[in-house]
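The structure under discussion appears below in the form of structure tokens.
The values are calculated or read from the model by the stated rules, or taken from the named source; none is laboratory data. Predicted model, so just to flag it, every value in this text is computed and none were measured. Cβ coordinates were reconstructed from backbone atoms using ideal geometry, including for glycine residues, and neighbour counts include every protein chain displayed. The area values use the complete protein model at the heavy-atom level, side chains included, leaving out ligands, DNA and RNA. Shrake-Rupley method; radii C 1.70, N 1.55, O 1.52, S 1.80 Å.
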Amino acid sequence: MDPHTRTRGRTRRSFFSLLIALAMLLAGCAVQPAAPPETDTKAPAAAAAPAEAAAFPRTITDGAGKEVTIPQKPERIVSLTLGTDEILLSLVDPKRVLAVTHLAVDSLWTNVGDTAKQVEHTVESDPEQIIALQPDLVLAAIYNNPDHIQLLRDAGIPVVVVTLFDTIDQIAENIRFVARLTGDEERGEELITAMAERLASIEAQVANAETKPRVLFYSSFGSSAGKGSTFSDIVRRAGGINLGDEALDSTFGEISLEKIVELDPDVIITDEYAPEDNAEWSKNFSNHPALANVSAKKNGRIYTVPARHLSTVSHYIVEGVYDMARILHPDLVK
């Protein structure tokens, strides 16, 4: 994000396949990315002129190809994805956010929990609940129920579908797009610039590394993240090589313990999520006898990274890059 209308288990599962999925968030469906969000000028302006920035109504083409008109600067915004929860709560005055997803207040998944608790409502995907709130803008994702989205539009509510969560560059474009929707372009550029500067600092530090550790993500669902996932982008920027890129035929998929042994990763990354019936999953996995001769196990390099940093599809993904860089290159990254 947001993933976000499902249970935590489904949320995590979806994240890397969206990300999807992602979403964790997240959400639950592996979908093909739509075309990049367009504005009425065909692409979001990097820095709109003051007169243009103040101009409403605005008509945009969203990630699902739907033309949406926003009649005035939105002051009652509802977010149906964890990714837009995080973007909005850093982009606009929280008083303008009418509702966020239930995950936005869950410290396992969110980076904005304290701020989200100031928002009056949390929502899932119930159209009746959302309509009753009388929002002037709803932000949804490509995996939200299209019938629910249409019910909201039939009620006269502007609904914008946000998509493209697979890379850090796409996340930056989503921030710019959301800022265009809310009329906060200047603040959006500030968030993007801060993200880019921190990423550049991390990448400059790991550029001095003599080796690139071979990394594999393994979830409690027995799955990993492959080429085109945000995890792969995180590892690359942190100075590593994602083994899921070669091990999987898709962005996200199952991987066996036998395959892990064959790949022999230098580093294995898990996250904080564990099934409710196995809270000790991470510990049990790391001590599995099948891994005894795997380099990551032998060298004590099986790590847990906060779920909210690995699964985020907002500017907070920089925290995931930093976590990974510290793990892969502890002598270089401070």
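See the values below:
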{"item": "Selection from region 79-105 of residues that are surrounded by fewer than 18 Cβ atoms within 10 Å (Cβ to Cβ) and in a loop (DSSP other than H, G, I, E, B)", "result": "D93"}
{"item": "Subset of region 145-181 [outside any helix (DSSP H, G or I) and modelled with pLDDT under 95]", "result": "N145, V162, T163, L164, F165, D166, T167"}
{"item": "Qualifying residue in region 239-252 (condition: assigned to a loop (DSSP other than H, G, I, E, B), of a type in the set (A, V, I, L, M), closer than 22 Å to A325 by Cβ and in contact with a Leu (Cβ under 9 Å, 6 or more places away or on another chain))", "result": "yes"}
{"item": "Which numbered condition A34 misses (of (1) among the hydrophobic types (A, V, I, L, M, F, W, C); (2) touching a Leu at 6+ places or on another chain (Cβ under 8 Å); (3) modelled with pLDDT of 95 or more)", "result": "(3)"}
{"item": "Unique residue being more than 20 Å from the chain's Cα centre (by Cα), farther than 30 Å from S201 by Cα, surrounded by 17 or more Cβ atoms within 10 Å (Cβ to Cβ) and of a type outside the set (V, I, T) when the list is L257, L263", "result": "L263"}
{"item": "Subset of region 298-324 (residues that are open to solvent by less than 70 Å² (accessible area, probe 1.4 Å) and either farther than 29 Å from G113 by Cα or not assigned by TED's automatic domain parsing to the domain that holds G239 (or both))", "result": "G300, R301"}
{"item": "Which numbered condition S220 fails, given (1) in contact with a Pro (Cβ under 6 Å, 6 or more places away or on another chain); (2) part of a helix (DSSP H, G or I)", "result": "(2)"}
{"item": "Residues of region 290-334 that turn out to be outside any helix (DSSP H, G or I), within 18 Å of L243 (Cβ to Cβ) and under 16 Å from the mean Cα position of the chain (by Cα), as a count", "result": "1"}
